[in-house]
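Rule-based calculations on the coordinates, nothing more; no lab input. Computed from a predicted model, the values in this text were never measured in an experiment.
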């Protein structure tokens, strides 16, 4: 294998790896936005759209959002 093919193969692998990392981050971001929307929907339906609770949901971190979403999924709200 000559040097040009090795460089091309190396750059291809770097590009593929970068694409996979970016894709995973995008998927996680989409899940976070979706979970936040679901939690707001639960607040609107079950707590009459309480503005204080909606404000709390807006200020939750991504880890907190995923935790609350798991709780909601388990409790079938």
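Remarks
- Sorted into 10 angstrom bins from 0, the C-alpha pair distances of region 15-59 split as 27, 34, 20, 14, 5 percent.
- Inter-centroid distance (Cα atoms) of region 61-77 relative to region 27-52, Å: 10 Å
- Debye intensity ratio I(q)/I(0), log10, the chain, q values 0.11, 0.19 Å⁻¹ (C-alpha model): -0.46, -0.81
- Helix 3-46 and the long axis of the chain differ in direction by around 0°, with both axes built from C-alpha atoms.
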